[in-house]
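Written below as C-alpha cells is the structure these notes are about.
The values are calculated or read from the model by the stated rules, or taken from the named source; none is laboratory data. As the structure is a prediction and not an experimental result, all values here were calculated from the model. Virtual Cβ from ideal backbone geometry, glycine too; neighbours counted across all protein chains shown. Ligands, DNA and RNA are excluded from the accessible area calculation, which covers all protein heavy atoms including side chains. Shrake-Rupley method; radii C 1.70, N 1.55, O 1.52, S 1.80 Å.
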Amino acid sequence: MTDQSLKLFDTTLRDGSQSENISFSVDDKIHIACKLDDFGIHYIEGGWPGSNPKDMVFFKKVKKESFKQARIVAFGSTKHARNPVEKDPNIKALLEAETPAVSIFGKAWIYHVEQALRVTRKQNLDMIRESVAYLKKHGREVIFDAEHFFDGYKDNAEYAVDCLKAAETAGADVLVLCDTNGGTLTSDVASIVKSIRETVQSPLGIHAHNDSELAVANSIAAVQNGVVHVQGTINGYGERCGNANLCSIIPNLQLKAGYRCIPDANMPKLTALSHYVSEISNLILNNTAPFTGKSAFAHKGGIHVNAVMRKPDSYEHIRPEQVGNKRRVLISDLAGKSNILFKSSELGLDLASDKERIPEIVKRLKELEHEGYEFEAAESSLELLIKRMKQEYPNFFSLQGFRILNEKDENNEIRSEYCGCIRKYYRSQLAGSYRQYFLLFNETTST
Ligand SMILES: [Zn+2]
C-alpha cells in the first residue's frame, strides 16, 4: 500500500468520441467536462482543435467555465516534417485553443516513422523536439504521448527511448507511454515501464487501449511500476474496443492499492458519473460493467444472498455504497428464503415477523417459474404474489357470472348479446378499509 498521488487524465471527449456511435455536441462536451471536474479529474482532453471546427468552438466556450481543479487540454500531433514549427497549422491551432495544457503525440515506432510518416528517424526526433520546445516556449504544460510506444520498444528499444528523450530534453512535463494498438500483455507493460523508469527522469504516463481486454490491468500495472499519470475514459469508451476504463481504474487504485486519485468524498459519485456519461452518449451502459453496472452487486443464487445478507464481503469485493452503487437481490427459481426476505423488506412488506410463510412463498415462486412465469424483471408481480400469500390482497375483481346469447337472422347476420356481473373491491379513503360494489354489464355486438 502507498499513499502516492496520481494525476488522472480523461480523454472521453477526444479519444472516447472516436468510439463508434458516439457523437457529442459542444454542449454535451461542456456538461461532461463540468461533471469530470466535479468528480476530481485533473486533466480533461477536450478535442483536437486542428481537426474540426466543433472542437475549436468547444475550446472557446469552455473558457467561460470555472473548474475546481481540472485543466483543459487540447490535443494534436507534432509538427509536419516539411513545416517550420511556427508555421505548422496543427501547432498553431493548439496554441489558438488557449488551453493551459496541450497533449501532442509523436511517433515512437520506427515502422510508423518510415511507413506512415515517411520521414527519416532523425527527422522524427527533430519534429518531436521542436514541437515540444515551441509549445513550452509559449507557456503550455506539455504532455507528450509516445504513440505505439510498447510496439516500438519491442521492435527497437533504443529508438523508442530516443523519442522519449527528445521530448524530455525539449521540456515535456509528462512522457506518456501509449499502447495504441492495445495488444500488449500486462507482464510486458510492467517490465517495459520498469526499465523506462530507470532510464528517463520525467514523470511517466500510461495510455492503454482495450483491444486485448487488458487496458485496465495494463494501466494498473504501469502505475505499480512507476507511472504517475493515467489516461482513460469514462466507461472505457474509445476507438475499436475502447480505452482504459477510468471507472474501474480509479476505484481499484484508490480503494485497493492505496493510491490517491480523487478526494475520498467523491468516490460515491462514480456510479452517477458513469451513468451520466452513458446517457449523454446515447449508449446503454452494460449491466455487467464492473463497479458501476446495474448487475455489479446483484445476487441471484439463494446461497449467495443468504451469505451476503450476513457477511457482505463473502460475495462482494467492495461495499457497493463506496462507489455509489447498490446491492440488488434478484428473484427467480434460484431464489431462496433470503432473497424473499430481502426483497420483501425492500418492497415494504413485513415478512420478518411472518417468517413461517417464506418457504410457502419460495415454493409457489418456483412452481410459477417452472410454468413459465418470470419474476426477475417483474418486481410488482412478486409484490402481488407475496401479498396474496399473506392474504393481504383482496380479489379486486371477481366474476359473479355471465351469460352469452348468440342469434342468427335470415340475412345471415350474427348477433351476440352478453351480460354479467363483476364484483369490485376498492379501498375507501374515508373508512380506510375495503368496500365492494357490483358492476353489471350488458352489450350487444353484431358481425
Ligand atoms: Zn488512444
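Coupling constants for segment 231-247 follow from the phi torsions by the Karplus curve (6.51 cos²θ - 1.76 cosθ + 1.60, θ = phi - 60°), and in residue order they are 9, x, 9, 6, 6, x, 4, x, 4, 6, 8, x, 9, 5, 8, 5, 5 Hz; glycine and proline get x.
Annotation for segment 103-207: trypsin sites (Lys or Arg not before Pro) lying in DSSP loop with at most 12 further Cβ atoms inside 10 Å of their Cβ are R118. Seen against the Cα atoms of the chain and their longest principal axis, helix 358-371 is set at about 80 degrees. About its Cα centre, the chain has a charge dipole of approximately 1040 debye under the convention of +1 per Lys or Arg Cβ and -1 per Asp or Glu Cβ, with nothing else charged. Working note: 222 nm ellipticity from helices only, DSSP H runs with n ≥ 4, each -39,500 (n - 2.57), summed and divided by the residues of the chain, gives -10500 deg cm²/dmol to the nearest 500. Across segment 379-447, the fraction of Cα-Cα pairs farther apart than 14 Å, rounded to a whole number, is 71%. In the chain, a dipole from Cβ-located charges (positive for Lys and Arg, negative for Asp and Glu) runs towards its positive end, and of I72, P263, P394 it is P263 whose Cα lies farthest in that direction. According to the calculation over all Cα-Cα pairs in segment 114-247, the P(r) per 10 Å bin from zero is 13, 44, 34, 9, 0 %.
The tail of the calculated P(r) for the chain beyond 37 Å holds 44 percent of all Cα-Cα pairs. Less than 5 angstrom separates the built amide H of K300 from those of L330, all sequence-distant by 5 or more or on a different chain.
Segment 357-406 and segment 57-94 have Cα centres separated by 63 Å. Whats the longest run of the chain with zero chymotrypsin sites (Phe, Trp or Tyr not before Pro) that are DSSP loop and have at most 16 other Cβ atoms within 10 Å? Answer from the scan: 68-314. Each Cα pair under 8 Å and six or more residues apart adds its separation to the average, and for the chain the resulting relative contact order is 11 percent.
Anything over 28 Å Cα to Cα? Flag those among K165/K194; K68/K136; K311/K363; K194/K311; K87/K122, in the order listed. With Cα atoms farther than 28 Å apart: K194/K311. Computed over all pairs of different Cα atoms, the Kirkwood value for the hydrodynamic radius of segment 217-307 is 14.4 Å. Compared with the dominant Cα axis of the chain, that is its longest principal axis, helix 53-62 is turned about 80°. Solvent exposure of the chain, expressed per residue, is 49 Å² of accessible area, with all protein chains present and a 1.4 angstrom probe. Here the Kirkwood formula puts the hydrodynamic radius of segment 119-177 at 11.4 Å, using every distinct Cα pair. Tell me the carbon and sulfur percent of the accessible area for segment 202-332, rounded to whole percent, probe radius 1.4 Å. The nonpolar share, carbon plus sulfur, comes to 52 percent.
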